[in-house]
Structures are given as C-alpha cells and as structure tokens.
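Below is one structure, written out as structure tokens, with a few remarks after it.
The values are calculated or read from the model by the stated rules, or taken from the named source; none is laboratory data. What you see is a predicted model, and the numbers here were worked out from it, not measured in a lab. For neighbour counting, all protein chains shown are included, and Cβ atoms are generated from backbone atoms with ideal geometry for every residue, glycine included. Please note that ligands, DNA and RNA were not included when accessible areas were found on the heavy atoms of the full protein model with its side chains. Shrake-Rupley method; radii C 1.70, N 1.55, O 1.52, S 1.80 Å.
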Amino acid sequence: MANDKIRNFCIIAHIDHGKSTLADRILEKTETVQLRDMEDQLLDNMDIERERGITIKARAVRLKYTASDGEDYIFNLIDTPGHVDFNYEVSRSLAACEGAILVVDASQGIEAQTLANTYLAIEHDLEVVPVVNKIDLPSADPERVCAEVENVIGIPAMDAPRISAKMGTNIEAVLERIVTDIPAPKGDPEKPLKALIFDSYYDSYKGVIIYVRVKEGRVKVGDNIRLMATGAVFTVVEAGFMDATNLVNNGSLEAGEVGYIAASIKSIGDTRVGDTVTNNDDPCDEPLPGYRKVNPMVFSGIYPADGAKYGDLRDALEKLRLNDASLSFEPETSIALGFGFRCGFLGLLHMEIIQERLEREYNLDLITTAPSVIYKVTMTNGDVQYIDNPTNYPDPALISIAEEPMVKADILTPSEFVGNIMELCQDRRGIFKDMQYLDDTRVNLHYELPLNEIVYDFFDVLKSRTKGYASFDYEMLGYTPSKLVKLDILLNGEIVDALSFIIHADKAYARARKIAEKLKDNIPRQLFEVPIQAAIGGKIIGRENVKAMRKDVLAKCYGGDITRKKKLLEKQKEGKKRMRQLGTVEVPQEAFMSVLKLDS
Amino acid sequence: MSSLGIYIHVPFCGRKCAYCDFYSTAYSRQAADGYISAVLRNLRHYSDRTRPTDTLYFGGGTPSLLTPDQLGNIITEVRTDFNLTPTAEITLEANPSALTRERLEKLRETGINRLSIGVQSMRDDELRFLDRTHDSARAERTVREAHAAGFGNISCDLMLALPGQTRDALLYSIDRLAELPIQHISAYILKVEDGTPFARDGIASQLPDGDLTAELYLAAVEALESRGFSQYEISNFARPGFESRHNTRYWKCEDYLGIGPAAHSCCGGVRFAVPRDLQAFIDSPVQPTEVTDDSPCSSQERIMLGLRLTEGIALSDFPDERSAIEKKIPALESAGYCRFDGERLSLTPRGFLMSNQIIGFLAF
C-alpha cells in the first residue's frame, strides 16, 4: 500500500479520560474486532492495567478504514503508557507516529498528564488532534474545555470532535480527522533499513517480539538484522503486523509501516526500546536519534517474608524482567531481613506495579524497604559515588559534596486547594516556580521538588489534601547539592540496616520521631524491653521504648499434664518464626512496612 | 530404685465450677461404685512393691464427694499392692462445703494426712463471682475443724487476678488465710480455659491486663513470703518442710502413676494419659491409655519443669546445653528475671511471670 494511505497515530490522555474506551470504539468501528469478540478495553491486557486504568506497555494495532472520500486507509494505532514513570517509552512510542489524538474529559478538562504528554508530542513534531470525550456526562462543558485546550496548550480546538466513547457517539468524526489532519508517513523503501524499536515483549514460543516503525527501507523474512545499540544480529523469522488479537505474519514491512519482527531473540535485554534496527548486510549510516538507556530512578530492597521463598522471588523477578527491561535487580543481604534483592524502578508507579505483580501473580509475601533515590556523593579525594542503598552511604567526614536528584513537577488543581498544595510542597522542600490559571477555577502549579520527598507518599497525601482532585506529573531535572544525612534506626542498641535511610538534615528530627513512634506501635511487647533509637552518626535524635511484657506464664501445671505445656511452648516457637529475630529483639514484618507510610 | 507417686483422678463434682476445665461428671452412687471397683482393679494391675511409694494424691473433680469408706478402701488397696511408706504424703482435694467435722475425723482415720482445700478467696463477692457454694465464713470454719480433726498439713487454694480485683482485696484474702492453721497456699492466676462457662461468658475480656496481673502476683508473693509462706514454685507457697511432695514430683521429673479418667502418668520411661471418659474407664479391665510421649524427661523438659521451682536447675545436669544457656543468662539477669550463682539458675518472681517466654528463650 502506498504511504499516503497510511496513518500512524497514538492516543494521549490523562488517566480515566477515556483513552482505552476510545481505542476500543475505533477498533469496533473499523471492524478490526467483531463485536462479539469485544472485551472491554482490549488494548490493555494486563490485569493490573485494567484495574488501575493505566496502560503500562505500549501495544500497536493495524486497522482498515474506508474514509468518506471512498479511499481505503491503513491506520496503525500505537498505544502509549500514560504515566511519567514510562516517559521514555512514551517518547519512543510517539517517535513511531505522525500524529496524536489528544483526549480530554469534557468535565475534568486538562490534567497534569495531559499536559506532559501533549508537550512531549509537540516536541516530536506530531500533529495533535484534540477530541473532547464524555459529552454524555451531565457535568460536561465541551466549550469550556476546548477553550482551555486553546489557552493552555495553544492549539486550535474549537472545532474538536465532541464525542462519547462510552456511548459510541461521533466516533466517525475522529476517524475522519485521522485521515484529514494526520500526515502520511514519509520514508524511502529503497534506502537501507532503518527501523525504530518502540516496544518489545517476550513470547515463550517465538522469543522476543519487537514492535517497530520502519523509517527507511524494508525488512523481510530471512533478512539478517542488526540492533544497533547492542550490535546483536538475528535472522528475521516473521515480519508483519498486529490485528486486535493476533500477530499476522505477512513476510515483510517497509518504510512508513508499523509492525512486528520475530527473529528468535532470546533476551529482552538485546532489544532496547529506542534502538534502531538495520540490515546487517546493507546497514544504514547512522542510527535514529534519541536512543538512551533507561536508568532506574527509585530503588528498594525486596525480601521474601519467608526466607525460604528467596528462590521463588528470584524466579519471579527474572520472569518479570523478560517483559520489562527497565526492571533491574541484584542480590542483596540484610542483617535484618536476610537474603533479598535491591531492585531499581523507573519511578514510584513502576515500583508499586512490580511489587503488586510479585504478590499477586507469583503469590509472594514481601517485605520492602523504604524507597531510595540515587544520591551523588563527591568525596574529599575527588571521587564521585552514586548511592542507591542507604547502607552504603559513606562516612560524612569523607564527603565533600552530597547531591540529590530534583524533579520539575506540574500540579493541576482546582484553585480552592492551592493553599493546601503549597503547604504540602513547602513541607516537602519544594521550590515554587510559578502558577498559571488554566481558567477561572483551575490552576497549574510548577514546583521543583527533591525526588526523595515524593518517593514515599507524596501522591497519596496530595490526593487526600485535594479530595482527589489534583493531578501530578514530574520530570527529572538533575542533581542539586543538599544537606543530606543518613538516619539510622537502632533496636536495643543495634542498627537495623533495613530501616536506614538518607534524608535532608532539616527533616531528620521529625522523621526520626515518627518512625520511632510507628515502630513502637508495631513491635509487640516481649521478653526484654526494646529501646528504639534514631541516630545520625553517633548522635541519638529520637527514642521510644517498647516496655517488656510482664506476664506470660502457665500458672497451673498440675495433674502431671506436661505434654500440654510442652505443646504450648512449641506453638509459641512456631509463632516466633513469623518474626524477624534481631539479636534478642523480635520484629514482625508489619513493623518494617509501617515505616513506609508515615503520614497515614 | 526410685520412688513412686500415685495420682488418683476422681471425676465427680456436685456441680461444676465455671472456671474449671478438669475432667468431671455428675456424681451418682452407681457411677461411684463402678468407678471405685475400676480403681481397685487398676491398682492391682499396676501393683509394684519393688520400690517405695511415698506420695498418694486424690485429685479431681471433687474427691471429697467419695465417702471416707470408699477412700479408705482405695488406700488399703494401695497399701496392699504398693510399698506405701509409713511417712507417705496422702493428699485429698476437698471443697469446704463437702466437709463436716464428723467427716473430717473419719477422713483422718483413713490415713489421709494432707488436705488441699478449694477456698479460692476469703471475700464473699469474689466467691460469688467464682460461683462457689461456700462463703468465707464456711471456708474458715472448715479449715479450723480440719485442724481440730488432726490435720497438720493443710493447703488452701487462692485465686488471683480476678476481674476487678484490687491489690487490697487480694491482700485481704491472704491476711485472712495466713491467720488460719494452714501450712501451704497454692495461689493461681485465673485463666479462662476454652470450653468453660467463663469462656462462653467472655470473662477473658474482663480479666486484669498483663501489667495489672503482674502487680497482683508480685504483691501476693511478697505478702505470702512476709507471712512465712515461702515460694517454692510459680504458684506454690509453704511453711518450711510443708512443700507438696507429690506435686514436686511433676516438676522434678520423678515417676508418677495416674489412675482414673484424664489421669496422666510418667513412669517406665513413657508418658501416658487415660482418655477423658468415665464409662470407658469403668468398662475396661485395665484403664485405656494413650502414649503422649515415649521419650520424656528430655533436657528441654527438665529445664521447662525445673525452672518452675525456686531452687531452679543445676547447669551441671545439662552439659550439652550449658554453654548456650550461659550465654543467655546475662540478658535475663540484667532484666531481673533470674539468679545465677555459677551453677544453679533460678527465676525470680518477675521471671516466673514471664516463664513461658524465658523457657522459650533458653530451651525452645
């Protein structure tokens, strides 16, 4: 098919604004899926995605559409992750498209993610086609929302299609806009192959499936391809496209097309999103721009609650990594928690998703340590260290400069909550940059915030202080010098490594006090008193005490029934197995978890 | 050859106390006759004259429901089948309301020389709560009559940590008891056992908490000591020389033979128990038993039991465990839980209160 009949596009939207529902309607209208095969929100195929209403991994579907001009068109709908944690993946997905449909909720208006993703689309020179969804809601105000899009984003929106994806209203208008407004792809099929990898996943039969956008040249079954970043070479086994439910191997792909390649690739690590695929026998001169290795931003120790499940946890992480090259982990040993893994995540949501999948899909009971960011430490001798585990934080006497990562945050909120949010951001050491009214009632607040202030519970607290109305998005800014200290927690005078963390000196006292209180509430009284101390270096800055239990006795041991008493003591011993034994102190796993949510 | 103690479980009660989970059934003359024959049969079966039997204990249930004649027949059978020593301690558990002056004199004639009387409290409000059939005046009269009848070794039970019990209320009972001509007090912390009326009534939620219970217990220990009743076990206090020799067998891993439904035994290198079933006991030529432990008196068990006694354990008896135990002693000592003289390890009253945890810490 000629390039001018192809349209490659994605849909961008804030959570819950109806991206997946619109995708489903488009699939339905183009009869890519028969109605009876429809399952709601077909594109999201992980359970957690569906429940959370977010798309984690990009997917792509080829659709056929006969437009009102009588011509047949090929649509490639590329689904993008919505969340900032997957910003890089979003950006690679966008690079595979010429246009983006911007879905905005007719009652909610623009939200933080809408903005972040729209700006990203504009940066990639995508044609942005605004669509106002949910016009069936009583509170819908399409005129106001269109004006907001024009004012805030600065693209014409007054004639944006007003639709209801849920009711199927006016979907044709969207399809027509795709034909008329989104440019056809360019690219010369006769040039050497140059294709962008925008997603990949592991299939247990075919090996890694890579999703590509062919920019130049063509690729066909039997070709030797090279993945330029890793240098790995493979022979193409299948090349084709995806309909809504299946891979369709039609033998080749060429410039302008979106599709998949299977080449018996064993490791997902070889197929990095953003990499360029070329023909090993007739390579292109240089790769597509913009590839970078994605680095984890947030780290946490993950331990099995039952030490015997260490092997299971490792297997589960390895399986998850097959489909998620951005997940990193390496073995770690904690005196308190035993054997586990130091895991790196793209962000908070990514971390939560992984933890949830480990628990839900692999049935593991986990203990996680407080999330940490990567601190940059310049030593007095000039060496630079990056610290992702508080345990490894160097002796302060040897540090010349300590730096922490900052983010640039957009917070969109109804104006009545501005005060609450400013208070929260100030409390989290935020630096106010500016504030912009989107309309009479809605505000966009710009802050610079330390990443370590938002990795805990920022989003939860933001939601609770704005009755759920505020939305939040962030991007990385880089490092800034900071007064950092390592806060240690001691139980009965011994440092508990799993509870140490790095914190800004000004916040150490308050945090120390809260953690000590939480631990006091979560460590049961036991044989010996348990002094809880929080310390910076050798200096104690907070303390609590779990008093010793006073009474645990079988007063009567009569009639010679010794067996019963022995059973009781054996049962007591069983019960203690669920506790972590630190010296003479028994710590239940809830105690470790309790310090992760301090404001709730 | 080591000595033997005999325990006879008498599974009858006039009425069941709301807190009690020992095995008992309603008393009837017919059941009692069948029961007595079965006890005599079993005594003949287990007959052993090769070693001294120096304690005999009638527990229950309410053994004082048996007539002095019935008890006398059993004691005579014991003397026939076993080598019951002249100084043997022969104890009868008794309810104040079951004892009259005349009956006490007859009991004394059977050879019974120690009474364990279920007084429980010297406050009438507490006795009503415990659903006892006697009041404090009756308890006092019974004790004095028993003394007059020639019993020179009398123990009274005392219940502590009752719902709402104050320190003063407890000390009142102790004072009243200490004035009586008794030599021994068993002071138990009330525990609500599963399946008892107290458990069904949710009494557990009304009990004093651990801290208050500990205060009451420590106050009781102090008060009893100062009145001449020395603590020799977690719940047992005696004037010098009047420690219960029978019960001490349990704590020192000495042999005892139990006869009757729900009775436990440890002899011949086995622990065994008789099912809680009176009819099966009556109907069987020899009481049915099930082995509960075929290698009793392990180090672990001897530590568990020995630490119930104020004399504690001698570490030289535990060569294999000694170094592990010694490492743990300083932490226990500094918390005030134990005393250690380099050889004997014993718990303090504070340690007794935490003995489950301490034994777990040391030996489990």
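Extension gain, A:TYR386 to A:ARG564, is 58.4 nm, computed as 0.36 nm per intervening residue step minus the present C-alpha separation.
Along the Cα-to-Cβ line of B:PHE364, 7 Å from the Cα, sits a label point; which residues in segment A:563-584 have backbone N less than 17 Å from it? It comes to A:563-581, nothing else.
Hey, can you find the accessible area per residue of chain A for me, probe 1.4 Å, expressed in square angstrom?
Working: 24910 Å² over 600 residues.
Heavy-atom SASA per residue in chain A reads 42 Å².
So if I take the centroid of the Cα atoms in segment A:110-187 and the same for segment B:128-194, what is the distance between those two points in Å? Each part reduced to its Cα centre gives a spacing of 87 Å. The listed peptides B:335-344, B:264-273, ordered by packing as a protection proxy, come out as B:264-273, B:335-344 (highest mean of other Cβ atoms within 10 Å first).
The mean sequence separation of alpha-carbon pairs under 8 Å and at least six residues apart, normalised by the residue count of chain A, gives a relative contact order of 9 percent.
With +1 on each Lys and Arg Cβ and -1 on each Asp and Glu Cβ, and nothing else charged, work out how big the dipole of chain A is about its Cα centre, in Debye to the nearest 20. Intermediate values should be presented prior to the final figure.
Details: 73 positive and 94 negative charges, 688 e Å.
The dipole of chain A has a size of about 3300 debye.
Secondary-structure-derived ellipticity at 222 nm for the protein assembly as shown, considering helices only, amounts to -9000 deg cm²/dmol, per-run term -39500 (n - 2.57) for DSSP H runs with n ≥ 4. The separation of segment A:255-321 from segment B:248-295, counted between C-alpha centres, amounts to 68 Å.
Peptide B:291-301 is shielded by partner chain Cβ atoms: per residue, an average of 2 of them sit within 10 Å of its Cβ.
Using r as the Cβ-Cβ distance of B:SER28 and B:ARG79, and R0 as 41 Å, what FRET efficiency do you calculate, to the nearest 0.05? Walk me through the numbers before you get to the answer.
Working: r = 28 Å, r/R0 = 0.68.
It comes out at approximately 0.90.
Take each residue in B:241-252, count the other chain C-beta atoms within 10 Å of its C-beta, and the mean is 1. To the nearest 0.05, how large is the calculated FRET efficiency for A:THR441 and A:GLU574 if R₀ is 45 Å and r is the Cβ-Cβ distance? The calculated FRET efficiency here is 0.15. In order along segment A:312-324, the Karplus-derived 3J(HN,Hα) couplings, from 6.51 cos²θ - 1.76 cosθ + 1.60 at θ = phi - 60°, round to 5, 5, 4, 4, 5, 5, 4, 5, 5, 5, 3, 9, 9 Hz, and Gly and Pro are given as x. Each Lys and Arg Cβ is given +1 and each Asp and Glu Cβ -1; about its Cα centre, segment A:115-176 then shows a dipole of about 300 debye. Accessible surface calculations at 1.4 Å, restricted to protein heavy atoms, place segment B:25-156 at 39 Å² per residue. For A:GLY542, the residues whose modelled amide H falls within less than 5 Å of its own, excluding neighbours fewer than 5 places apart on the same chain, are A:ALA534. If you plug the beta carbon distance of A:GLU517 and A:ASN250 into 1/(1 + (r/R0)^6) with R0 = 51 Å, you get a FRET efficiency near 0.20.
When the listed pairs A:LYS29/A:LYS215; A:LYS463/A:LYS597; A:LYS19/A:LYS433; A:LYS467/A:LYS507; A:LYS565/B:LYS16 are checked against a 22 Å cut-off, the alpha-carbon distance exceeds it for A:LYS29/A:LYS215; A:LYS19/A:LYS433; A:LYS467/A:LYS507; A:LYS565/B:LYS16. The mean number of Cβ atoms from other chains found within 10 Å of a Cβ in peptide B:355-363 is 6, as a whole number. Using θ = phi - 60° in the Karplus curve 6.51 cos²θ - 1.76 cosθ + 1.60, the 3J(HN,Hα) couplings for segment A:258-275 round to 10, x, 10, 10, 10, 9, 6, 8, 8, 10, 5, x, 6, 10, 7, 4, x, 6 Hz; x is entered for Gly and Pro. In this rough spin-label picture, where each label sits 7 Å from Cα along the Cβ direction, the A:GLU330-A:MET593 distance is 2.9 nm. Ordering A:ASN295, A:LEU126, A:VAL219 by Cα displacement along the dipole of chain A toward the positive end leaves A:ASN295 in first place; charges were set at the Cβ atoms of Lys, Arg (+1) and Asp, Glu (-1). Proximity of backbone amide H atoms, modeled 1.01 Å from N, is registered between A:ALA60 and A:ASP79 at under 5 Å, excluding neighbours fewer than 5 places apart on the same chain.
For chains A and B, what's the summed buried accessible area, probe 1.4 Å, to the nearest 100 square angstrom? Intermediate values should be presented prior to the final figure.
On the way: alone 26750 and 15550 Å², together 38750 Å².
Summed over both sides, the interface buries about 3500 Å².
In terms of modelled amide H atoms, which long-range or inter-chain residues lie less than 5 Å from the amide H of B:ALA187? Result for B:ALA187 returns B:LEU158, B:ASN236, B:PHE237. Largest GNM mean-square fluctuation across B:GLU140, B:GLU126, B:GLU193, computed for chain B with C-alpha springs under 10 Å, falls on B:GLU193.
Segment A:355-371 and segment B:298-326 have Cα centres separated by 43 Å. Placing a label point 7 Å from the Cα of A:GLN581 along the Cα-to-Cβ line, the residues of segment B:328-364 whose backbone N sits under 19 Å from it are B:328-333, B:355-364. Just the protein heavy atoms count here, and of the accessible area of segment A:230-355 at 1.4 Å, carbon and sulfur take up 49 percent.
Using θ = phi - 60° in the Karplus curve 6.51 cos²θ - 1.76 cosθ + 1.60, the 3J(HN,Hα) couplings for segment A:95-110 round to 5, 8, 10, 9, x, 9, 8, 9, 9, 10, 5, 5, 9, 7, x, 6 Hz; x is entered for Gly and Pro. A probe of 1.4 angstrom, applied to the heavy atoms of all protein chains, finds B:ARG141 with accessible area near 130 square angstrom.
Comparing mean-square fluctuations of B:ALA137, B:ALA32, B:ALA219 from a GNM of chain B with C-alpha springs under 10 Å, the top value falls on B:ALA137. Positive end of the dipole of the protein assembly as shown (Cβ unit charges, origin at the Cα centre): among A:GLN355, B:PRO275, A:HIS14, the Cα lying farthest that way belongs to B:PRO275.
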